[in-house]
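See below for the structure under consideration.
All of the numbers you see were taken from the coordinates with simple rules; none came from a lab. Predicted, not measured: the structure shown is a model, and the values here were computed from it. Here Cβ is always computed from backbone atoms with ideal geometry, including for glycine, and neighbour counts include all displayed protein chains.
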Number of protein chains: 2
Amino acid sequence: MSLRPIAAFTPPSRLLLGPGPSMAAPSVLEAMSRPLLGHLDPAFVEIMEEIKDMLRAVFRTENRMTFPVSGTGSASMEFCFDNLVEPGDEVVIGVNGVFGGRMAEVASRCGAHVIRVEAPWGHIIEPAQIAAALDGRRPKLVAVVHAETSTGALTPIPEIARLAREAGALMLIDTVTSLAGCPVELDEWGIDAVYSGTQKCLSCPPGLAPVSLSDRALAVATSRTHKVQSWYLDVNLLASYWGAERVYHHTAPVSMNYALHEALRLVLEEGLEARFARHERNHHRLRAGLAELGLEIASQPGHQLWQLNSVTVPDGVDEAAVRGRLLRDFGIEIGAGLGPLRGKVWRIGLMGESSTADNVDIVLNALGQILSENAA
Amino acid sequence: MSLRPIAAFTPPSRLLLGPGPSMAAPSVLEAMSRPLLGHLDPAFVEIMEEIKDMLRAVFRTENRMTFPVSGTGSASMEFCFDNLVEPGDEVVIGVNGVFGGRMAEVASRCGAHVIRVEAPWGHIIEPAQIAAALDGRRPKLVAVVHAETSTGALTPIPEIARLAREAGALMLIDTVTSLAGCPVELDEWGIDAVYSGTQKCLSCPPGLAPVSLSDRALAVATSRTHKVQSWYLDVNLLASYWGAERVYHHTAPVSMNYALHEALRLVLEEGLEARFARHERNHHRLRAGLAELGLEIASQPGHQLWQLNSVTVPDGVDEAAVRGRLLRDFGIEIGAGLGPLRGKVWRIGLMGESSTADNVDIVLNALGQILSENAA
């Protein structure tokens, strides 16, 4: 059991242009190095309140039950299903990539009867598909991934949310990659439940996961027949911790909350509209540059994400070798394809702090150089 | 939805002598401000391996399934029960404080039939009580809190673990407050499952939660009839993420892992035996000083924790007022009593970096001053 002495860790310098984490602003990283406070300290309680306020502004909602779950994005996905679904409930879930599939799996572990609405990876879930699934059904919940990180497709939400509402169902969306990178309008769209992550367009390190529940969703979660299967994620308990009572539940990740506080401040300082426009602009810059290299974006035209770009790997090119060279020789991280897209696409993230014209040019130059050497 | 501009947050200076978080070393705080890496980056994978190695050394185990859960202590408690318990399983749980009660609640949400073995708050769970509960039973699991943070009692584990083993049960212990503050000997004691937290005697900010499963426990978790109810905490999936395959599961909290890496390094640099001796020494210094003030430790004599001291509030003294003055006028955080001990005890933590002779003197002086003013 004797262990060699282990040296302090100094991370190599990386330009993070993968599916997350994205680059964090220096002030966000610095925030985590500030002195710790107790999680029930009045000064910490104050920033808990500010975090809730800022999250409401970013989600564009008045939902009082808006806060960061003390885990990563997948924990907040579980938070939503664990609280809203009881054994035997019928739920309709759009599956057009990894995260739709994960939602179906999580829902079924809550005892749900899952109706899967499938689309090819890279395509969106069409409202007509949801309408067909709802025909003759009164499910508890309809769930769709807004921005599929695994494919780069952006499913339009308003029409699907309207259909869900008409069927008497709660509407749940995954905004892990969309939040703060393109419009997310909880109240205008009529969303009942949403989860997200910190390490994408919020440009905060991974470790927290914002959620929001409408009063309608909260009423469902607080009047259940069965207890929520997760104690850690039970909103009936979390409401008192993040609410005025401050009843001890768990110990919130204090330093991560410092980081999220600072990251949200920067998002609102830039302004959501300006931030969306920046993401759009840099996506177009990337797309134009890729075209010059003879490369194209793999996801459905007209529904391509600004912040996460799946790029088709040309025939005869070794996907992993190119990605490896980008990391090793240029210090640039991009992502691999997942599932059926494995080996077929690269995923280039331009999220939050990572979305700059300079970064677009840097990755295009590096990619161009590697591909031209390959061709030589 | 327009929000006032929110200022950057500068935490006030606090001396953390409560039930956690404890003070973090400057190099641990600084580690979190280092540049982010992707969670599948080879350089990050390397420190994941080092973290696992160092956790094994701190837990004193050879268990390969030893890693930090991406959540706080209560998430790691759920990790253990979610993976080891199936609906209908019988489990024996020692309940002598908040965290024993929480284990019983979490187990019952997994569908367990829970046999509670109760002791008064502040007392230990006696081996004879466990023996009586096991008489004529073959439960799946016996679970006990090693160091009860809510009361300051340290339950001796070896004899209880032996009884569990003889009854064919897995032995699970909560070491949230004990790990790295007093001896924890997984392999020598024959422990099958353990969970902990980072923000106590490891002196790392909250946000990760170390766990370890013996091969026997892992075999139970990987040959279940029902799927693990939590996807996020399913060891069948986490094993491939934290194992050699590095299959994408969730996005690990990168910066928190930097902090844990540095915190574990400092623990091993000091040496476990030296660290335990320091905790013991400062506990005795505190106890002697409290006696001079006419105060005494509330938990069972002979089984008092070194790192968390419940102090009986004298008759006629307003518990919350004293605690409030310590925070406001001296910048010192100590903890309140919970449950039946609410208003009756203060909890003074001397955990990890917080356990120094100077800190003992500082809190004794402040407490003495406040109490003498009260008496005047």
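Here are the numbers:
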{"item": "Residues with amide H under 5 Å from that of residue B:308, placed H, sequence gap 5 or more", "result": "B:350"}
{"item": "Rounded to 5, the percent of DSSP beta bridges in chain A classed as antiparallel", "result": "50 percent"}
{"item": "Backbone HN-Hα couplings from phi across the stretch A:181-198 [Karplus 6.51/-1.76/1.60, Hz, Gly and Pro as x]", "result": "x, 8, x, 10, 10, 3, 6, 5, 7, x, 8, 9, 8, 8, 9, 8, x, 9"}
{"item": "Percent of alpha-carbon pairs separated by more than 26 Å within chain A", "result": "52 percent"}
{"item": "Gain on full stretching of the segment that runs from residue A:45 to residue A:64 - 0.36 nm per residue minus C-alpha separation", "result": "5.3 nm"}
{"item": "Efficiency of FRET from Cβ geometry, residue A:280 and residue B:280, R₀ 51 Å, rounded to 0.05", "result": "0.25"}
{"item": "Label-point separation, residue A:318 to residue A:2 (7 Å along Cα→Cβ), nm", "result": "4.2 nm"}
{"item": "Potential lengthening between residue A:303 and residue A:138 on full extension [0.36 nm per residue; Cα-Cα distance subtracted]", "result": "56.5 nm"}
{"item": "Residue-wise HN-Hα coupling along the stretch B:273-288, computed from phi with Karplus coefficients 6.51, -1.76, 1.60 (Hz; x: Gly, Pro)", "result": "5, 5, 5, 4, 4, 4, 4, 5, 4, 6, 4, 5, 4, 5, 4, 5"}
{"item": "Residue with peak Gaussian network fluctuation, chain A [Cα springs, cutoff 10 Å], from A:352, A:18, A:316", "result": "A:316"}
{"item": "Relative contact order (percent, whole number), the stretch B:26-268, Cα cutoff 8 Å, 6+ residue spacing", "result": "28 percent"}
{"item": "Likely footprinting exposure, B:142, A:313, fewest C-beta neighbours within 10 Å first", "result": "A:313, B:142"}
{"item": "Computed magnitude of the charge dipole of chain B (debye, nearest 20; Cβ of K, R +1, Cβ of D, E -1)", "result": "600 debye"}
{"item": "Estimated FRET transfer efficiency (residue A:223, residue A:113; beta-carbon r; R0 25 Å; 0.05)", "result": "0.75"}
{"item": "Rg over Rh, two decimals, the stretch B:103-170 (C-alpha only, Kirkwood Rh)", "result": "0.95"}
{"item": "Ranked B:70, A:299, A:372, criterion: other C-beta atoms within 10 Å, fewest first", "result": "A:372, A:299, B:70"}
{"item": "Spin-label pair residue B:244/residue B:375, simplified geometry with 7 Å Cα→Cβ offset, distance in nm", "result": "6.6 nm"}
{"item": "J(HN,Hα) series, the stretch A:224-237, from Karplus relation 6.51 cos²θ - 1.76 cosθ + 1.60, nearest Hz, glycine and proline x", "result": "7, 7, 9, 4, 4, 5, 9, 5, 4, 10, 6, 5, 4, 8"}
{"item": "Expected 222 nm ellipticity per residue - DSSP helices of 4 or more, -39500 (n - 2.57), all of chain A, to 500", "result": "-12500 deg cm²/dmol"}
{"item": "Chain B: most fluctuating residue of B:100, B:38, B:337 per GNM, C-alpha cutoff 10 Å", "result": "B:38"}
{"item": "Diffusion coefficient, µm² s⁻¹, Stokes-Einstein with Kirkwood Rh over alpha-carbon pairs of the protein assembly as shown at 25 °C and 0.890 mPa s", "result": "92 µm²/s"}
{"item": "Size of charge dipole - the stretch A:61-167 - debye, nearest 20, with Cβ of Lys, Arg +1 and Asp, Glu -1, no other charges", "result": "80 debye"}
{"item": "GNM top mover of B:347, B:34, B:323 - chain B, alpha-carbon springs below 10 Å", "result": "B:34"}
{"item": "Part-to-part distance (alpha-carbon centres) for the stretch B:261-339 and the stretch B:3-56, which is given in Å", "result": "24 Å"}
{"item": "Listed residue (B:231, B:244, B:131) projecting farthest to the positive dipole end of chain B, Cβ model", "result": "B:231"}
{"item": "Assigned charges on the beta-carbon of Lys, Arg, Asp, Glu; the protein assembly as shown dipole about Cα centre (debye)", "result": "420 debye"}
{"item": "Order of B:65, A:256, A:77 - criterion: other Cβ atoms within 10 Å of each residue's Cβ, fewest first", "result": "B:65, A:256, A:77"}
